[in-house]
Amino acid sequence: MTYPPTGEKEGTAIMRMGTGKSADHVPKSMIGRVGVALVATMLVLAACGEDGGGGGGTTDNLKLYNDKGAWEEFFREVGELSQEEIGLSMEPVGYTDEPTYEAFIMASFRTNVKPDLFTWSTGHRLNEIVREGVIAETTDLWTEAIANGDLTESLKPYYTIDGKQYCVPLNTAYWVMFYNKQIFDELGLQPPSTWEDLISIADTLVENGITPFYHTAVLFSFVWFQQLMVGSDPALYNALSEGTASYTDPGVVAVMEEWKQMIDKGYFSDPGDETDPAAQLKSGKVAMGAWGTWFNTSMTQQEMTPGEDYGMFFIPNRVPQNNQTAVLFESGPLCMLEDAPYRDESMRYLEWWVTPSAQELWSNSRGDVSGNPKVEIADPGLNEITQAAGTDDYVLYNRYFEATPAPVLTAALDAFGAFVVNPDEYHSLLETIQQANEDYWAGADG
Amino acid sequence: MARSRTLAPRSGFGFVAPAVLLVAALLYAPFLWTLYLGFHEYDGLRPAEFIGLDNFTRLLEDPALATSVRNTLMWAVGGTAIPVALGLLIAVLSYGIRGGTWYRLPFLLPYALSGAGLAVIWGFILQSGGAFNDVLGALGLPGADTRFLLEDPQNTLVMIMAFTWQQVGVNALLFMVGLQSIPQEPIEAARLDGASGWRLFRHITWPLLAPLTTVVIGLSLVATLKTFDIVWVTTQGGPGRSSEVLAVTMYRNAFVAHEYGYGSAVALALTVVAGAVSFGYLRRQLSAKRGAA
C-alpha cells in the first residue's frame, strides 16, 4: 500500500481514520505537519513564558528564594520591615528539600525564571556558581559595609573568590556544645576548658546513667568528624577540604580511632533514635549536643529558657593549639544574579540586608547571631559566644559541609553514617571517601 | 467539497498538537535528555562533556552497586510475593462470607496514604527505641533492643513489611474483583464432584484467577523495582548506603552529588532492568497461556 501523495488524499485517509474505516497508514507528511504545529505551539508557549519582569523594569516587591522553609515567618517579618524602611517588600519562596532547591537555582542560570534574591552555601558551592560568571559581584557593598562597621574582615574570606566579594551573609553560626544545665547543676559539672575536662564530664555522666552526647547517622553524621579533626590538626582539616591531603592520612585515622573509642565508651546516643534532638536534650535523654548556634531556635521552640535550662560552650581542642581554640563556623550567603530581573532593587536590598536594623530583627527573631557586629544579641549566652568568637582566643574554620566538594561530601556523609552504626570498619570507609576525593580533584584539575 | 475535505484534517492537526506537545515535552523530551546525559559528564553548571560509556563502566565498578541491586531484588521479590500472597489469602477467605466487606476494609485503609506518609509513620515505629521496640519489650519478645533501621539487611526487610501493610489491601480488592468475575459453572461442577476447600481452590479457582494474578504480579514487580519514596524518607538509603535501592542510587548521584550524567546512567540501567523483568515475566506468562490454550 502506498501513501497518498497529496494533501487532499491525506485528508481523506485521516477522515477514514476518524470514521473507523480503513486507514492502515499515517501519511509521512502528516508527521511533518504535526511537527510544524508542535513547533508553532512551542513558540507561542515560549513567548508566553518570556519573563515579563526583567528588561530594566522596576518593582517594589522582591522574591527571595531559599532552602530554609522553616524560617518563613522570620523572612516575612524582615520583608515587612524592608517595606517600611526602603519601600521594597520581600516575599520568601521557601523550599524544604535541598536537592530540589539547588536544581531549581542552577536551572535558573539558563532560563528566564530567575530569582531576585536567593540563598546558597559558601565554600565549594559558591565557588562553582561564581566561576560560571552568573553571580553579581558585591565588592563595593563589602568595602562600604566594612568601612562603616556593618560587616567584618573576619567574614570577608568566606565571600571572597579571586579577590572579589560575592553575596552577603544571610546567616552566621558558630558550632558550639549545647548542654542541659539542670543535669550539669545536679551533678556539679561545669563547662570544660580543656578536652580532658570534657572527657571527664562524659565519664561522670556515663557513671550516672546519662548519655553524654547526641549522635545521628543521617546528614549531621559529619559533626564529630569535623570537631575532632579541626580540634586535633586544623591544618590537615583544611588540607582535606582543598584536596591536598588524603583521608587515609595517619592524622585522619587517629581521629577516627578516637571517635571509635568514644563510641565504645558509651558516650553517644543511639544514632537510629529519630526523636527531635532538642527534645532529647530537654528530656535529659542526652546531656550535650554539638550544633550551630542556629540550634538555639530549636531549644527555645521546646520552651527551654536560655541560661536556665540550657547553656552553650565552645568545644575545647583535642590537641591544644597555641592557646587558641578552633571553632567551626558557617555562614550562608544571600546572593543575586548578575542578570537579576530587577538588578538595582536586588542590590539595594542586599545593601539594606546588612544594616543594623535589618540584622537586629533577622537575628533576634530567630534567636541567632548576626554577621553585623553592631547588632545587640538579646540572648546573653549567644551574645557572649559572639563576643568571644571575635577575639584572638578563637580561630574560625569553615564547617565541613561547606568546606567539602559535593561528591566528596556525599561519600563522606554515607561513610560517617555507616561508621556511627558499626565503628569497627573505619579503614574501608576512609578508603571509600578517599576514592571520591581523588575522583573529584582529578576532574577538577583536568 | 474538496475544500472542506482538505481543511477538516488540517484543522485536526491543531487540535492534536497540544496533546502531542504535552507528550513530547513531558515524556519523550525527559527520556531523550536522560539518554543524552547518560553518556556525558554534567554537573548542572558547566556544559555537558561527552565521555562515552564511562558512566556505565563506573556504575559497574561502584562497590555500592551490588548492595543496591541486592536490595532492589529483595524489594522486587519480597514486595511482590508477600503482598500478593496475603492479598489473595484475604480475598479468598473473605469471599462469600457474611460481613466480608468489613473484614477487608481495614486492609484497604492504608492504601489511602502516600508513600512518604507511610515512610514517616513507619520510621517513627521502627526507629531505635521506637514503638516497635517498645511493643516487643512489653510482650517479653526478643528484639526489644534491635536497631531495625540501622542494621543491614533487616532495614530493607522491615521497610518491605511496611510496604506490605499498605499494599495488601488493594491486592485483596483486585483479587475480589477477580473472584466475582470468574464463571461459577466450573466451581459448581467441581463441588458436585465433591471438591471443596484447598482442592477446589488449587484446581479450579486458582487457574481461573491466573490472568488477573499475572496482571497484579506484573504491576507489583514494576512498582517495587522503582521503589523510592519509602526508602528515601525512612533511611535515605543508609546508614552507609546499606538500604539503598537503584532508584535511590539514581537520585543520590544526580541530585545530591550533582553528578547528573552518572545519575542518568543509573536511571537508564534501572529502566532496562525494570523493562527486561516486566517484559520477561509477561512474555513468559502470556506464552504459557497460549500454550495451554
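We did not get these values from a lab; they are worked out from the coordinates using the rules stated. From a predicted model like this one, the values you see are computed outputs, not experimental measurements. Quick reminder, even Gly has a Cβ in these numbers, built from the backbone with ideal geometry, and neighbours come from all protein chains shown.
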*Can you grab the distance from the C-alpha centre of segment A:258-298 to the C-alpha centre of segment A:305-321, Å, no decimals?*
14 Å
*Among B:203, A:215, which comes first, then next, by fewest other beta-carbon atoms within 10 Å?*
B:203, A:215
*At 222 nm, what helix-only mean residue ellipticity would chain A give, in deg cm²/dmol to the nearest 500, using -39500 (n - 2.57) for each DSSP H run of four or more?*
-15000 deg cm²/dmol
*Over segment B:86-171 - Rg/Rh using Cα atoms and the Kirkwood inverse-distance radius*: 1.06
*Which whole-Hz ³J(HN,Hα) couplings does segment A:301-313 yield from phi under the Karplus relation 6.51 cos²θ - 1.76 cosθ + 1.60, θ = phi - 60°, glycine and proline marked x?*
5, 7, 6, 9, 8, x, x, 9, 8, 8, x, 9, 8
*Using unit Cβ charges (K, R positive; D, E negative) and no other charged atoms, how large, in debye to the nearest 20, is the dipole of segment B:53-292 about its Cα centre?*
740 debye
_Springs between alpha-carbon pairs under 10 angstrom, Gaussian network model over chain A: which of A:379, A:393, A:233 fluctuates most?_
A:393
_DSSP-assigned coil residues among trypsin sites (Lys or Arg not before Pro) in segment A:253-351, each with at most 14 further Cβ atoms within 10 Å_ = A:265
*Which listed residue (B:129, B:225, B:105) has the Cα farthest towards the positive end of the charge dipole for chain B, taking +1 on Lys and Arg C-beta and -1 on Asp and Glu C-beta about the Cα centre?*
B:105
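How long are the three semi-axes of the equivalent ellipsoid for segment B:43-96, computed from the Cα gyration tensor as the root of 5 times each eigenvalue, in whole Å, largest first?
44, 14, 8
Looking at segment A:365-446, which GluC sites (Glu not before Pro) are in a loop (DSSP not H, G, I, E or B) and have at most 12 other Cβ atoms within 10 Å?
On the way: sites: A:376, A:384, A:402, A:425, A:431, A:438; in loops: A:376.
Answer in residue order: A:376.
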_Using amide H atoms built in the peptide plane, which far-off residues or other-chain residues are under 5 Å from residue A:315 H to H?_
A:177
*Counting each DSSP H run of 4 or more residues in chain B as -39500 (n - 2.57), what helix-only mean residue ellipticity at 222 nm follows after dividing by all residues, to the nearest 500 deg cm²/dmol?*
-23000 deg cm²/dmol
*Count the DSSP beta bridges whose two residues both fall in the protein assembly as shown, then state the antiparallel fraction as a percent rounded to the nearest 5.*
60 percent
*asked:* Using Cα-Cα distances under 8 Å and only pairs 6 or more residues apart, what relative contact order does chain A have, in percent?
replied: 23 percent
*Given springs between every Cα pair under 10 Å in a Gaussian network model of chain B, which of B:22, B:282, B:88 has the largest fluctuation?*
B:22
*Listing A:293, A:355 from the residue with the fewest other Cβ atoms within 10 Å to the one with the most, what is the order?*
A:355, A:293
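Rounded to the nearest 20 debye, what is the charge dipole size of segment B:1-131 about its Cα centre when +1 sits on each Lys and Arg Cβ and -1 on each Asp and Glu Cβ?
Dipole magnitude for segment B:1-131 comes out near 920 debye.
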*asked:* Please arrange B:98, B:10, B:252 by how many other C-beta atoms lie within 10 Å of their C-beta, fewest to most.
replied: B:98, B:10, B:252
*For segment B:227-293, list log₁₀ I(q)/I(0) at each q in 0.12, 0.14, 0.21, 0.22 Å⁻¹, using the Debye formula over Cα point scatterers of equal strength and ignoring solvent, two decimals each.*
-0.43, -0.53, -0.83, -0.87
*Net dipole in debye of chain A [+1 Lys, Arg Cβ; -1 Asp, Glu Cβ; about Cα centre; nearest 20]*: 1720 debye
*Please go through the residue pairs A:114/A:156; A:265/B:226; A:156/A:181; A:156/A:265; A:260/A:282; A:260/B:226 and name each one whose alpha carbons sit more than 32 Å apart in this structure.*
A:265/B:226; A:156/A:181; A:156/A:265; A:260/B:226
*Cα-based Rg (one decimal) and Dmax (whole number) for segment B:53-292, in Å?*
20.7, 67
*Using only Cα atoms, find the angle between the long axis of helix A:380-389 and the longest principal axis of chain A, and express it within 0 to 90 degrees, rounded to the nearest 10.*
90 degrees
*asked:* Can you tell me which of B:144, B:48, B:19 moves the most in a GNM of chain B? Springs connect C-alpha atoms under 10 Å apart.
replied: B:19
*Rounded to two decimals, what ratio of Rg to Rh does the protein assembly as shown give with C-alpha atoms and a Kirkwood Rh?*
1.03
_Distance between segment B:185-213 and segment A:385-446 - C-alpha centres, whole angstrom_ = 63 Å
_Principal-axis tilt of helix A:28-49 within chain A, Cα atoms, nearest 10 degrees_ = 50 degrees
*What are the ³J(HN,Hα) values, in whole Hz, obtained from phi via the Karplus relation 6.51 cos²θ - 1.76 cosθ + 1.60 with θ = phi - 60°, for each residue of segment B:108-114 in sequence order, with x given for Gly and Pro?*
8, 4, x, 5, 6, 7, 6
*Residues with amide H under 5 Å of residue A:67's amide H, sequence separation 5 or more or different chain, H placed in the peptide plane at 1.01 Å from N; which?*
A:95, A:119
